[in-house]
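Undergrad: Here's a structure for you.
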């Protein structure tokens, strides 16, 4: 079993960690806007008649379809990977493609401005296809279920460990392995993480339990179900007492 150590960062490091990242992200997105707007204008996304709204310069929407899309894809890919969502492979592929798209858009725009290259039907077609492709991929990633895979499918953490009971059950195939941990052992590990000031995540819990993150995620779900059940039983036990006290006072 590995030990965890809480690290107290100095004040300036905390400021950089908390506020530096959003500042860098915002500035990077702002600096990306001119190149992406210019590229959209080259492809014909400039002034479009939009019903009663009049003529709008829709080229200003290209930064949302490129840089903001790349940032969203990176976040969605990270969340999907951490929670083992079914669309995690698509999210990761989309994040990589979005980053490549953002880099290419900046390069091509500045090449055109510097007269290193000119526009062509291939470039116009490629830029014109960006908004529908981005919309399709965002809708695809948004189709993931609200609950995570670990919460929906979990039955018993011992199944993941491959314990002896798995091999003995009829209709189940498995090899004997390490026995599953008890609820008390998992709670003790969680308390150790909290005492050390470490965030209780599947990765950190798996490290202290010497188990895979996926197995640790199942243990966390098991503890959460047990706590919900205990709260429900406590609520059910106190409600009759409160009702009797109310009748007595009347």
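Laboratory data are not the source of any read-out in this text; all were calculated from the coordinates shown. Model, not experiment: these values are computed from the prediction. Please note: Cβ atoms are built from the backbone with ideal geometry, for glycine as well, and neighbour counts cover all protein chains shown.
Undergrad: Between residue 51 and residue 227, with labels modelled 7 Å along Cα→Cβ, what's the label distance in nm to one decimal, could you check?
TA: 4.8
Undergrad: Sticking with this one: Once the Cβ-Cβ distance between residue 75 and residue 234 is put in as r, and R0 is 41 Å, what FRET efficiency do you end up with, to the nearest 0.05?
TA: On the way: r = 37 Å, r/R0 = 0.91.
Calculated value: 0.65.
Undergrad: Note the full-extension length gain between residue 195 and residue 97 as 0.36 nm times their separation in residues minus their Cα-Cα distance, in nm to one decimal.
TA: On the way: separation 98, 0.36 × 98 = 35.28 nm, distance 4.11 nm.
This chain segment gains 31.2 nm when fully extended.
Undergrad: Given a Förster radius of 22 Å and the C-beta distance between residue 128 and residue 60 as r, what FRET efficiency does 1/(1 + (r/R0)^6) yield to the nearest 0.05?
TA: Numbers: r = 16 Å, r/R0 = 0.72.
My answer for the efficiency is 0.85.
Undergrad: Which order do the peptides 23-30, 203-210 come out in when sorted by mean C-beta neighbours inside 10 angstrom, highest first? Before the final figure, lay out each step's value.
TA: Working: 23-30: 11.8, 203-210: 18.0.
Going from most to least packed, we get 203-210, 23-30.
Undergrad: Using only alpha carbon pairs under 8 Å that are at least six residues apart, calculate the relative contact order of segment 11-144 and give it in whole percent.
TA: Details: 111 pairs, mean separation 36.2, N = 134.
That works out to 27 percent.
Undergrad: Using the per-residue mean of other Cβ atoms lying within 10 Å as a proxy for protection, in what order, highest first, do the peptides 212-218, 76-82, 192-198 fall? Before the final figure, lay out each step's value.
TA: Details: 212-218: 20.7, 76-82: 17.9, 192-198: 13.7.
Output ranking for 212-218, 76-82, 192-198: 212-218, 76-82, 192-198.
Undergrad: Now for a separate question. Using a cut-off of under 12 Å, list every residue of segment 63-79 whose amide N is near the label point 7 Å from the Cα of residue 203 along the Cα-to-beta-carbon line.
TA: So the set is 78-79.
Undergrad: I need the peptides 123-131, 50-58, 108-116 ranked by packing, meaning the mean over residues of other C-beta atoms within 10 angstrom, with the highest value on top.
TA: On the way: 123-131: 15.9, 50-58: 9.8, 108-116: 13.7.
Highest to lowest by the protection proxy: 123-131, 108-116, 50-58.
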